[in-house]
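Undergrad: Before I ask anything, let me first share the structure, which is written out below as structure tokens.
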Amino acid sequence: MEGGTSLFIQKFIQSPLQIGSLFPSSAALAEKMTSNINWENINQAAELGAGTGVITRSIVKNMLPGSKLHVFEKDSEMRKGLQVKFPEAFYYEDACEIIKSLGNSEGTLDAVFSGLPFSNFNKNLRTKIVDEVYRSLRPGGILVAFQYSTQMKRTFQATFKEVDISFVPKNFPPAFVYICEK
């Protein structure tokens, strides 16, 4: 078993509500989250809940030179592993403090990618993070989030002007990808 997968399983067993899944995201899910993006418009992006870096790898591969990636990962061991794999990114712990982490600048991000398990969070935490994401995005910026259910559909539709949902069966468990435009 690959080192990232065994670490991910260990972290899931320790904190299932924080990790959200027994297995890391698949390459098919990472591809779906990053393939329909106009990368020429992405100068600053953030990833929330980067885990072992499956989606991070796809983001970094697609970003243009000179672009900045801000990675938010609560688990310190996973965050340290990400820093080794992707030293060019900037790292933070708390997705509730995106704007503070970016120097108190609202509307500076072009895209936010999220693997956070929103269905495991209480309503107040979900609302706080979605609001923080919305405020951190520039007009026309996008949130690309995957979830294992459609529970977040109404929340995203109430916040963003446009929400598209697609299904990725080649992931365990299968996932829904939301693309939400501010």
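The values are calculated or read from the model by the stated rules, or taken from the named source; none is laboratory data. Everything numeric in this text was worked out from a predicted model, so none of it was measured. FYI the Cβ positions are ideal-geometry reconstructions off the backbone, even for glycines, and counts take in every protein chain you see. All accessible areas refer to the heavy atoms of the entire protein, side chains included, with ligands and DNA or RNA removed. Shrake-Rupley method; radii C 1.70, N 1.55, O 1.52, S 1.80 Å.
Undergrad: Looking for something open to solvent by 30 Å² or more (accessible area, probe 1.4 Å) and at pLDDT below 95 - is there at least one such residue anywhere in region 151-165?
TA: yes
Undergrad: Restricting to region 55-106, name every residue that is more than 26 Å from Thr127 (Cα to Cα), of a type in the set (A, V, I, L, M, F, W, C) and touching a helix residue (DSSP H, G or I) at 6+ places or on another chain (Cβ under 7 Å).
TA: Listed by number, the residues that qualify are Met63, Leu64, Leu82, Phe86.
Undergrad: Right, here's the next one. Are there any pairs with C-beta distances below 8 angstrom linking a residue in region 104-117 that is touching a residue at least 40 places away in the same chain (Cβ under 8 Å) to a residue that is of a type in the set (Phe, Trp, Tyr) and surrounded by 14 or more Cβ atoms within 10 Å (Cβ to Cβ), with the two at least 6 apart or on different chains, and if so which?
TA: The qualifying pairs are Ser114/Phe146; Gly115/Phe146; Pro117/Tyr148.
Undergrad: Here is a follow-up. Say we look at region 32-81 and pick out the residues that are among the acidic types (Asp, Glu) and within 19 Å of Arg138 (Cβ to Cβ); which of these is surrounded by the fewest Cβ atoms within 10 Å (Cβ to Cβ)? Reasoning before the result, please.
TA: If we filter region 32-81 for residues that are among the acidic types (Asp, Glu), which is where we start, we get 40, 47, 73, 75, 77.
This time we only want the ones that are within 19 Å of Arg138 (Cβ to Cβ), so: 40, 47.
On the way: Glu40: 7, Glu47: 28.
That would be Glu40.
Undergrad: Quick check: is even one residue across region 125-146 assigned to a strand (DSSP E or B) and either at pLDDT below 95 or among the basic types (Lys, Arg) (or both)?
TA: Yes, region 125-146 has at least one match.
Undergrad: For the subset of region 87-99 comprising residues that are of a type outside the set (Asp, Glu) and more than 19 Å from Lys182 (Cβ to Cβ), which member is least open to solvent (accessible area, probe 1.4 Å)?
TA: At the first step, the residues of region 87-99 found to be of a type outside the set (Asp, Glu) are 87, 89-92, 95-96, 98-99.
Checking the rest, the ones that are also more than 19 Å from Lys182 (Cβ to Cβ) come to 87, 89-92.
Numbers: Pro87: 94, Ala89: 12, Phe90: 90, Tyr91: 41, Tyr92: 47 Å².
Going through the qualifying residues, I end up with Ala89.
Undergrad: Further question on the same structure: How many residues, within region 77-124, are under 21 Å from Arg57 (Cα atoms) and either of a type in the set (A, V, I, L, M) or in a helix (DSSP H, G or I) (or both)? Quick ask: steps written out before the conclusion?
TA: Narrowing region 77-124 to residues under 21 Å from Arg57 (Cα atoms): 77-95, 98, 109-117.
Applying the additional criterion that residues be either of a type in the set (A, V, I, L, M) or in a helix (DSSP H, G or I) (or both) yields 77-85, 89, 95, 98, 109, 111-112, 116.
Number of matching residues: 16.
Undergrad: Please list, ordered by first then second residue, the pairs with beta carbon atoms under 7 Å, 6 or more apart or interchain, first in region 50-74 and in a loop (DSSP other than H, G, I, E, B), second β-branched (Val, Ile, Thr).
TA: Going by the 7 Å Cβ cut-off, the qualifying pairs are Ala50/Thr56; Ala50/Val71; Met63/Ile42; Ser67/Ile42.
Undergrad: Quick test for you: out of Val168, Val84, pick the one residue that is among the hydrophobic types (A, V, I, L, M, F, W, C), under 21 Å from Thr52 (Cα atoms) and exposed (fewer than 14 other Cβ atoms within 10 Å of the Cβ).
TA: Numbers: Val168 fails: exposed (fewer than 14 other Cβ atoms within 10 Å of the Cβ).
Answer to the check: Val84.
Undergrad: Among Leu102, Leu137, Leu125, which is the only one that is closer than 18 Å to Glu73 by Cβ and buried (at least 16 other Cβ atoms within 10 Å of the Cβ)? Reasoning before the result, please.
TA: Numbers: Leu137 fails: closer than 18 Å to Glu73 by Cβ; Leu125 fails: buried (at least 16 other Cβ atoms within 10 Å of the Cβ).
Exactly one of Leu102, Leu137, Leu125 is closer than 18 Å to Glu73 by Cβ and buried (at least 16 other Cβ atoms within 10 Å of the Cβ), namely Leu102.
Undergrad: Mind checking which residues of region 136-172 are without any contact (Cβ under 8 Å) to a residue 12 or more places away in the chain and of a type in the set (A, V, I, L, M, F, W, C)?
TA: Passing the criteria: Ala158, Phe167.
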